[in-house]
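The values are calculated or read from the model by the stated rules, or taken from the named source; none is laboratory data. Not measured: the values here are computed from a predicted model. Here Cβ is always computed from backbone atoms with ideal geometry, including for glycine, and neighbour counts include all displayed protein chains. Note: areas computed on protein heavy atoms with side chains; ligands, DNA, RNA excluded. Shrake-Rupley method; radii C 1.70, N 1.55, O 1.52, S 1.80 Å.
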Amino acid sequence: MKKKNLGLIIGAAFVVGFTGWYFNQGSGAHAQGDIPPKGAKGVQPPVTVNVVPARRQDVGVEVVSNGTVTPLRTVDLHPQTTSTIRTVHIKEGQFVKAGQLMFSLDDRADRANVDKAQAQVARDQASLADLERQYKRSQELFAQKFIAQSAVDSLHSQVDAARALLKADMAAAKASHVNASYTEIRAPMAGRVGAINVFPGSLVQLSTSLTTVTQLDPITVAFTLPESSLGALLDAQRNGKVEVEARAGSDGKPVKGYLSFIDNMVDPTAGTIRVKAEFSNADTQLWPGQYVNTRVTVRTLKDAIVVPQNAIITNAKGTWVYVVEQDSTAKMVPVSRVYAFGVFAAVTGLTGSEKVITEGKQNLRPGGKVRLAGGAEGDGAGKGRAAKPAGKGGKDQQA
């Protein structure tokens, strides 16, 4: 019985000793570095990025608005007398010159009145000439004591009356000429003819609209700008002409003009100011009533630092960009966006000599190593290769 208990004790001791040896061997293996200790941090590999150099340039601050093409002058032609149309000398849509004959009315009665007035003037001239001869002869007779002074005075009065009557009839003759001129309707200015509403033989009155003539060159565009732009707009106008660009539709050709009018009052309801720009329109790219997009350069940022907008990061910490340091590490630089235009933005906070990271920044940490796209890892200044802008055919060229 004692021998059996002794065997159990020896077996238990053997199991305990083997277990201790096993765990001691495992701890030694971990200590030799085959498996990293729990919580140890590995070295992050370089992040591949694309960079673009910041550049300096003059940037025009532009304000975009929607506008409507408005002609400088549009005239609705009406007759100034009641008559019938004798001849229409123009066609719809025709361009006319100032003073060009457009409509002829029936002028027979007016011409007869002109002839009558001219005949009346001729009769008055003859009567005046006869009275002047009588008055001159009466003066000679009075000098010879053949007639009294009263007879001379009477003839003098008749001469004065005849002269006044002649002047009145001459004025009536001019009025008849004016009335006769109403039978010829001429273009008041150079422009384009609209729809013609009458035909030969049509009876027209003072209220009858014959057609319209619209001036197309030059032409204006009316639009509104926010009142916040008023100060810069007035300053730019004092310094010279303010350039305005107008474009009809997204595929229209831009037309250059200059600001010609700023309203004398801001609309307090909408907070806008009405303005107009004048354009040379010899090729009729702008048409009255047309809806256009306008762009006004209110001021210019001299020697501004420009970076791509996709390089700018905005979050709760603020606005900043990543730049590549000389040791090929990423540095976070705070910036302020001054003005955005297209895919670029003018910013402050940079010197203009930095290489700004545009792609790959989502994987970066401040101070982390970077590798330029298309090149080897940049362990020092000048060791990496940067991609140049796309060349012909859309392929990148390596430096």
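Things worth noting here:
- Single residue of segment 236-257 satisfying the filter (at pLDDT 85 or above and open to solvent by 70 Å² or more (accessible area, probe 1.4 Å)) that is nearest to ASN281 (Cα to Cα): LYS256
- Segment 202-212, residues that are open to solvent by less than 80 Å² (accessible area, probe 1.4 Å) and not hydrophobic (A, V, I, L, M, F, W, C): SER202, THR208, SER209, THR211, THR212
- Residue satisfying all of: in segment 163-201; loosely packed, with under 13 Cβ neighbours inside 10 Å and part of a loop (DSSP other than H, G, I, E, B); nearest to the chain's Cα centre (by Cα) among these: ALA195
- Test: residue in segment 213-233 that is surrounded by fewer than 18 Cβ atoms within 10 Å (Cβ to Cβ), of a type outside the set (Lys, Arg) and on the phi > 0 side of the Ramachandran plot: no
- Looking only at segment 258-304, residues that are under 21 Å from SER228 (Cβ atoms) and assigned to a loop (DSSP other than H, G, I, E, B) come to 4 in all.
- Odd one out for GLY99 among (1) surrounded by 14 or more Cβ atoms within 10 Å (Cβ to Cβ); (2) in contact (Cβ under 8 Å) with a residue 40 or more places away in the chain; (3) over 33 Å from the mean Cα position of the chain (by Cα): (1)
- Of all the criteria given as (1) surrounded by 12 or more Cβ atoms within 10 Å (Cβ to Cβ); (2) more than 60 Å from the chain's Cα centre (by Cα); (3) in a helix (DSSP H, G or I), the one not satisfied by ILE147 is (3).
- Hits in segment 313-355 - residues which are under 29 Å from the mean Cα position of the chain (by Cα), closer than 17 Å to PRO53 by Cβ and part of a loop (DSSP other than H, G, I, E, B): VAL343
- Criterion applied to ASP303, ASP283 was being within 22 Å of the chain's Cα centre (by Cα) and either surrounded by fewer than 19 Cβ atoms within 10 Å (Cβ to Cβ) or of a type in the set (D, E, K, R) (or both), and the one residue passing it is ASP283.
- Options SER154, SER127: the member that is under 30 Å from ARG108 (Cα atoms), in a helix (DSSP H, G or I), open to solvent by less than 70 Å² (accessible area, probe 1.4 Å) and of a type in the set (S, T, N, Q): SER127
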